[in-house]
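Enquirer: Handing you this structure, nothing more for now.
Coordinate-derived values only; no laboratory data. Remember, predicted model here, so these are calculated numbers, not experimental data. In this analysis, Cβ positions are derived from the backbone assuming ideal geometry, glycine residues included, and neighbour counts consider all displayed protein chains.
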Amino acid sequence: MNIISWNVNGIRAWHKKGKLEWLLKENPDMFCIQETKVEFEQLPEELKSIPGYHAYFDHSKGRKGYSGVAIYSKTEPRNIDYGLGVKKLDKEGRFIALHYDGFTLINIYFPNGGGGPIRLAFKLEYYDAFLKYILKLTKKGIPVVFCGDINTAHTEIDLARPKENANNTGFLPIERAWLDKVVEKGFIDTFRLKHPKVIGSYTYWDMKTFARDRNVGWRIDYFFVSKDLKERIKDISIMDSVLGSDHCPLKLTLVL
C-alpha cells in the first residue's frame, strides 16, 4: 500500500499547476492533502471526483480560504471522523480519520504556533487532544497511521538552522517536547526509522527568501505509525524534487 501526503498550499492553485496529472501518474492507494484552502463546493469538477478514488474533505468553518484537509482513497472506509470531537479545535477543518478493518489512517494539518501566545496555546491544546485521540485507538488494539504537516521540527537535524530558530515557533522546546512524548508513547517517525542520521532532508522551505534553492528548509511533515506496524514499513521517501508548493510530498509504503 502506497500513501502520499502533501501540504499543497491551496489545492486549486496546485491543480492549476498541472499536479493532478502527477497524482494520476503516481497512482497511490491514498493521497492525503493539507492546507486545501477550499470548501468542497468550490472545487473544479475533476477534483470532486477523481476516477478510481473516493474523496473526503474537511474545511474551515469560519475563515474562508484557510486551512482544510482532504483524503482521496481507492478504498472506502467503514467509518469516518471529521475532527477530534472538540468543537473549539475542529472549527478550522484540520482533521480526517478513515477507519478501516485493520487500521486507521489520519490526515492532519496541525496549527502553526506563530502569531502570538494565543495561537501557540491553541497549537499545544490541539497537540494534546490529538495525542489523546490516537492513544484511545491504540489502547483498543487498533493500528494507527497518521500523516501531515505537524508544523514542528523535532530535532536539530530536522532543520537547516537550528541555532537561529531556537526561540522561534516550530522549534520551541515545548513544541519539540510534544513530539518526544509521541515517540515515548510508541509511535514511530518512519523517516527517522529508515534514515536515522540523514541531514539535509527537508519538507518545507520559505518561498519569500527562495530558501528551496539553497535547501534552507525544515522537516515538519511526517508519517508516523503505531509500533505494531513497525515491521510493515517497507519504504518512506521525501519527494523533494517534486515542485508545486512550499512543501514537498512524502510517500510511505506499507505491507498491509
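Enquirer: Counting other Cβ atoms within 10 Å of each Cβ, which chymotrypsin sites (Phe, Trp or Tyr not before Pro) in region 147-256 have at most 12 and sit in a DSSP loop?
Expert: Details: sites: F171, W178, F187, F191, Y202, Y204, W205, F210, W218, Y222, F223, F224; in loops: F171, Y202, F210.
Filter output for region 147-256: F210.
Enquirer: Let me ask something else. To the nearest 20 Debye, how big is the dipole of region 126-234 about its Cα centre, given +1 on the beta carbon of each Lys and Arg and -1 on that of each Asp and Glu?
Expert: Details: 20 positive and 14 negative charges, 81 e Å.
Taking the Cα centre of region 126-234 as origin, the dipole is about 380 debye.
Enquirer: Given contacts defined as C-alpha pairs under 8 Å and at least six residues apart, what's the relative contact order of the chain, whole-number percent?
Expert: Working: 534 pairs, mean separation 47.7, N = 256.
The normalised contact order for the chain reaches 19 percent.
Enquirer: Less than 21 Å apart at the alpha-carbon level, and either on another chain or at least 8 residues along: which lysines does that give for K227?
Expert: Qualifying lysines at Cα under 21 Å: K132, K136, K139, K140, K181, K185, K194, K197, K251.
Enquirer: Please give, to one decimal in nm, the separation of the simple spin-label points placed at F210 and M239, each 7 Å out from Cα toward the Cβ.
Expert: With each label placed 7 Å out from Cα toward Cβ, I get 2.7 nm.
Enquirer: Using only the Cα atoms of region 2-254, build the gyration tensor, take square roots of its eigenvalues as a ≥ b ≥ c, and label the shape rounded, prolate or oblate: rounded if a/c is under 1.5, else prolate if a/b is larger than b/c, else oblate.
Expert: Rounded is the answer for region 2-254, as its axis ratio a/c remains below 1.5.
Enquirer: Let me ask you something else. Which value at 222 nm does the chain reach when only helices count, each DSSP H run of 4 or more adding -39,500 (n - 2.57), with the total divided by all residues and rounded to the nearest 500 deg cm²/dmol? Write out the running numbers ahead of the final one.
Expert: Numbers: 8 runs with 66 residues, N = 256.
The helix contribution divided over the chain gives -7000 deg cm²/dmol.
Enquirer: Say a paramagnetic label sat at a point 7 Å from the Cα of K139, along Cα to Cβ; which residues of region 66-108 have their backbone N under 18 Å from it?
Expert: 84-86, 104
Enquirer: Using Cα positions and a limit of under 19 Å, work out the aspartates and glutamates in reach of K64, with same-chain residues fewer than 8 apart set aside.
Expert: Of all the aspartates and glutamates, those that pass the test against K64 - Cα under 19 Å, at least 8 places apart if same chain - are E35, E39, E41, D90, E92.
Enquirer: First measure r as the distance between the Cβ atoms of A177 and F40, then evaluate 1/(1 + (r/R0)^6) with R0 = 41 Å and state the FRET efficiency to the nearest 0.05. Write out the running numbers ahead of the final one.
Expert: Details: r = 36 Å, r/R0 = 0.88.
Between A177 and F40 the formula returns 0.70.
Enquirer: Hey, got the dipole for region 2-254? About the Cα centre, +1 on K and R Cβ, -1 on D and E Cβ, debye to the nearest 20?
Expert: Values: 39 positive and 32 negative charges, 70 e Å.
Taking the Cα centre of region 2-254 as origin, the dipole is about 340 debye.
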